[in-house]
Amino acid sequence: MWTSFKKSLPNVLTCGNLLCGCVGISATFNNDLLLASYLIVLAGIFDFFDGFVARLVKANSELGKQLDSLADMVTFGVLPSFIVYHLIMESVPDLNGVWKCYLAFVIAVFSALRLAKFNIDERQTLGFIGLPTPANALLIASIPVILRQHEDWAPVILQTNYLIVFSFVMSFLLVMEVPLFALKFKGFGWKGNEIKYIFIIASALLLILLNFAAVPLIVVLYILLSLVNNRGKAHV
């Protein structure tokens, strides 16, 4: 019985991720973007630990792989699109511009492409090609929280054209052909993990100093450090 539970635990955590996504989408229907954002953060924790536990108890399976992608599509693809949809809705000056809200769903479309590509791309066993959907979703989730913490930033952030361009830029980053490192450790020594430790330490400091406002900076830092890492490997 214990063995069966261990083997099922990663899938239970993945279902927790999926549940967060479903509840988060329903929260956006009530215009509770703050709750939706926090549920993305909680889902991110589930998403991290389902893979970690699967490797720990050696319970990797094709079922788990497919379930993980389906859960990620809902939580890190569809839910972020709904958040941006509501942000654009809030920013449009009149009903004539309401159609622009639907452009937010380009994020869901490219998230689906990103996840499908990940499942068949053998290059992504130790790292990523393109921005992972959880990172993209966490960046989007930070926006409602930042707006709550810094209400005076609203005139800058809640601009229709800015949000539309943001949606397309983030969609492009999901499928760009650029290798990005993953926080997977074969060993915990400094050698070979320098970029990962620098990223973790810098991210922790940014979160302490800036709270949720640090999330966009952390995503930018992640991409920049990945580029530095790629350049270093090219010269080896």
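Just so you know, all these numbers are worked out from the coordinates, no wet-lab data involved. No experiment lies behind these values; they were computed from the predicted model shown. Counting neighbours? That spans all protein chains shown, and the Cβs are built from the backbone with ideal geometry, glycine included.
Summary table below
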quantity: Mean ellipticity per residue at 222 nm, deg cm²/dmol - from DSSP H runs of n ≥ 4 across the chain, formula -39500 (n - 2.57); calculated: -23500 deg cm²/dmol
quantity: Trypsin sites (Lys or Arg not before Pro) within segment 114-146, DSSP loop, no more than 16 other Cβ atoms inside 10 Å; calculated: none
quantity: Lysine-lysine proximity count for the chain, Cα under 15 Å, sequence distance 8 or more or distinct chains; calculated: 9
quantity: Inter-part distance where segment 72-134 and segment 157-181 are each reduced to a Cα centre, Å; calculated: 9 Å
quantity: Shape call, segment 2-177: gyration tensor on alpha carbons, a/c limit 1.5; calculated: prolate
quantity: Amide H within-cut-off set for Leu180, under 5 Å, with H built and near neighbours excluded; calculated: Phe128, Ile129, Gly130
quantity: Between 0 and 90°, nearest 10: helix 194-210 axis offset from the chain longest Cα axis; calculated: 40 degrees
quantity: Positive-pole candidate from Ser91, Trp153, Asn229, dipole of the chain, charges at beta carbon; calculated: Asn229
quantity: For segment 81-193, size of Cβ-based charge dipole, Lys and Arg +1, Asp and Glu -1, in debye; calculated: 560 debye
quantity: Linear extension gain, Met176 paired with Val109, 0.36 nm per residue minus alpha-carbon span; calculated: 22.7 nm
quantity: Stretchable slack from Leu95 to Glu151, in nm (0.36 nm times residue separation minus alpha-carbon distance); calculated: 17.8 nm
quantity: Proxy reagent accessibility, fewest Cβ within 10 Å first, across His86, His150; calculated: His150, His86
quantity: Ile208/Asn119 FRET efficiency (R0 41 Å; Cβ-Cβ; nearest 0.05); calculated: 0.70
quantity: Full-extension gain in nm, Ile201 to Leu70, via 0.36 nm per residue minus C-alpha separation; calculated: 44.0 nm
quantity: DSSP-loop trypsin sites (Lys or Arg not before Pro) across segment 145-236, with at most 15 other Cβ within 10 angstrom; calculated: Lys184, Lys186, Lys191
